[in-house]
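A short write-up of the structure that comes next.
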């Protein structure tokens, strides 16, 4: 086949197995002699451990072993720092990473105290009741501001305070910008993100094979290579003797990246000690505590404006909840700090954050990874500015967009990838125009809204802009190999959790090698198939691994043409590679199949010429110098019931630019899913902790994931501004849908309920019917 | 006391995807674990253990049920259908085909439950509206797709099945 598949909505290669129940997820791994683990977790957020007695549990029939922290001996050590702090001057960072099992103290509800290994999960769970634990409860650090006050309880006494990190980044001089401003507007904003809650929870299966000196770990990780290297290190094994397999993973969204969760670290060690396979599958209740969250920030932000609405500068001071430990370094708050700048010209910026230890589960990136928080602040500030200066909210955004001739646009401060925050390419105004046109912005405001208001209906409109830093380094690799049956095998080191890599990567290969997409078999997430790599996060899979796949395919194409030109004794320029074969231009009956070329490249006799390699294969790597920057605009029309404050999204438009598109069907799916998570974050999902750090709504009955009824039909459009940072021109798209939904909802709900007139401002996310009731009660009473 | 000592094993007879199974289960064994662990039908997934997410949906005597909230002993004498029983050889059931065509799945973990719920809807309402599909799927959570393509997949399947 010679048709180009790149850019086409090709149906997915992976669907057959998933649709017929034949895909292997972690809980489907069943091994002879396999044991099962259950963990006793702390039910209080902060306590000193007085006593743990596992002796009765060990007596229960079917229990094989049980371990508390002390039983791990020298194996007990804090986990690795996953991302070191970026090179920013005068940075404070107090590294305190999570431990395999709590020793001396527990620091959040759900922190594991004991792991029980039994012949079945049922027995292991039963045995948890046999463990005697005595804890001395301590006051919990829950509120960020209180946690920083003198005399507060301390999550880590040896730090001397609850400061996890303190970072200031500046661009220009905000004070001088404010001095010459027409006006400044300052507010306090609260933004809470929630839990990723993939429908598949986490799981680990570890099998030590003493005879082969081989550890195999099935793990719901997004970054198997990191996990392999880290676990080999702590287990005292060569990396080659550890194989990490991320099978089909039922959604990741960040918290499955590479956390070295206690279960990931402890199960392999136990398997080595018992010389039997061990399995642990997280249950949904555990997921609410034992898997990382992304939670709240409090921003005190000020914007300085010219009379025409141009931004002169922004100053922001914020607190970031990092939870009980900070293994992921500063990635989330740095993303907030950087993404606040958005698609706008902000000449002067002064941003300081303090990350605070709390007695709550650990915070690490979850789809958006702090970007939402920053976008909420700048978008809300612009709404307030529009109101103050009597400029239309869409218009004030337009006036501040970075012009197309200003790229690459350097925001000077340091981003999460340690590089200056520089936007590679962009053309922002057409994206805004398309979104406004699609939603019928002017017509709604001029004609429809007055009519609806006259009917007593509360319907409002919102428009929010954002950029998304994507496709960061360090690198990924891919091996493309033509098999002797003519099919193509591709292996890469990243993991897959539904992003369609089995198809989008196959499209890249298919075009280059002239084979059918269905004849390209992609392997991800198996460290024995591909040794090197980083992982699937930060919207980087398609950009970084996709480019490596492309480079490797090109190299294989070159080899195939070289082999064929030797065989035909003709110039490579006279050859056509299509339909799985190389033929001579104009003489289609004169051809040689790719599979046969692969066989010839691995000869039984003769010699592989010096300077060449056997096989029709190539391994290539791609490391971008910095990340690509996608951008987009979401617009929505939302109706609010003024009695119940329930809402209905009547229209939802996304216009997005992620450079060249590999598969528009898969891209649309990524946007849809992101928006749905954004809607959950904006209006339905809230982690409710009491002042003792207890999560009050740890079930899917009480923590409200959006259902089919809450997510509206989305209207999508795209513009294409290729990235100059990779040959394909692609940018990442994984998080785009989720990022601007909070400020969009706040804006549209304010407009629907005409809250500006009532002097009510929505400065927090998540909102909910009851929260809207509370916020508007005062206005109603006056 | 151990689990074995506490509970007597119970014999059950269940027809799953047209095959008759005689099996012995603990009284507390959930139908989903019976299917997954004793029959090796791992296409039915557990997402929440508490009947909110719907990933474990199967058909029990023709009705869509959440198999994490049904005891295996309750299925004694019943007919069960799971996602493994839908395709006819290499040919997809129209609902499976709809999901593939409309990209109604990403990670695929909720998909078997979604499909079983959708099939039950289409067996009782062959010509559903968008809104009826959404209501029918309300008890099945998906974290990847935003549901839009799932609704379209079910609509496409409905049209195919009506012929």
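What follows draws every value from the coordinates through simple rules; no lab data is involved. Because the structure is a prediction, the values reported are computed rather than measured. Please note: Cβ atoms are built from the backbone with ideal geometry, for glycine as well, and neighbour counts cover all protein chains shown.
Numbers below:
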item: Where labels lie 7 Å past Cα in the beta-carbon direction, separation of residue A:448 and residue B:130 in nm; result: 1.3
item: Inter-chain Cβ neighbour average for residues B:146-157, partner chain, 10 Å; result: 5
item: Using alpha-carbon coordinates, inclination of helix B:148-162 to the longest axis of chain B, degrees; result: 90
item: Global geometry of the stretch B:3-85, whether rounded, prolate or oblate, following the gyration tensor of its Cα atoms and the 1.5 cut on a/c; result: oblate
item: Two-site FRET efficiency, residue A:567 against residue A:8, from Cβ-Cβ distance with R₀ of 41 Å, rounded to 0.05; result: 0.80
item: Highest-first arrangement of B:72-78, A:737-743, A:440-446, where packing means the average Cβ count within 10 Å; result: A:737-743, B:72-78, A:440-446
item: With Cα atoms, 0 to 90° folded angle of helix B:111-124 axis to chain B main axis; result: 70
item: Other protein chain Cβ atoms within 10 Å, averaged over every residue that makes up A:245-255; result: 3
item: Sequence-separation-based contact order of chain B, relative, with Cα cut under 8 Å and 6+ spacing, percent; result: 23
item: Residue-averaged 222 nm ellipticity for chain B, from DSSP H runs of 4+ at -39500 (n - 2.57), nearest 500; result: -8500 deg cm²/dmol
item: Neighbour-count ranking [beta-carbon atoms within 10 angstrom, fewest first] of B:63, A:284, A:207, A:61; result: B:63, A:61, A:284, A:207
item: Residue-averaged [θ]222 nm for chain A, counting only DSSP H segments that reach four residues, each worth -39500 (n - 2.57); result: -7500 deg cm²/dmol
item: Residue A:516 versus residue A:613: modelled label distance in nm, points set 7 Å from Cα along the beta carbon direction; result: 2.9
item: Highest-first arrangement of A:63-72, A:338-347, where packing means the average Cβ count within 10 Å; result: A:338-347, A:63-72
item: Cβ crowding within 10 Å averaged over residues, with A:653-666, A:403-416, B:139-152 ranked highest first; result: B:139-152, A:653-666, A:403-416
item: Fully extended contour minus Cα-Cα distance, from residue A:558 to residue A:602, at 0.36 nm per residue; result: 14.2 nm
item: FRET efficiency for residue A:129 and residue B:19, using Cβ-Cβ distance with R0 set to 41 Å, rounded to 0.05; result: 0.60
item: Computed label-point distance, nm, for sites residue A:238 and residue A:182 using a 7 Å Cα→Cβ extension; result: 7.0
item: Zone residues, the stretch A:662-697, relative to residue A:149, backbone N less than 17 Å from point 7 Å out along Cα-to-Cβ; result: A:691-693
item: Shielding by other protein chains, B:47-55, mean Cβ within 10 Å; result: 6
item: Rounded if a/c under 1.5, otherwise prolate or oblate - chain A, Cα gyration tensor axes; result: oblate
item: Burial ordering of A:702, A:27, A:526, fewest other beta-carbon atoms within 10 Å first; result: A:702, A:526, A:27
item: Using a Förster distance of 41 Å, the FRET efficiency for residue A:30-residue A:81 (Cβ separation, nearest 0.05); result: 0.70
item: Between the stretch A:656-680 and the stretch B:91-163, the alpha-carbon center distance in angstrom; result: 20
item: Contact order relative to length of chain A, as percent, for alpha carbon pairs under 8 angstrom and 6 or more apart; result: 16
item: Sequence of A:770, A:176, A:42 once ranked by neighbouring C-beta atoms within 10 Å, starting from the fewest; result: A:770, A:176, A:42
item: Contact order relative to length of the stretch A:199-290, as percent, for alpha carbon pairs under 8 angstrom and 6 or more apart; result: 42
item: Rounded if a/c under 1.5, otherwise prolate or oblate - the stretch A:199-290, Cα gyration tensor axes; result: prolate
item: Rounded Å value of the spacing that divides the Cα centres of the stretch A:708-782 and the stretch A:371-429; result: 16
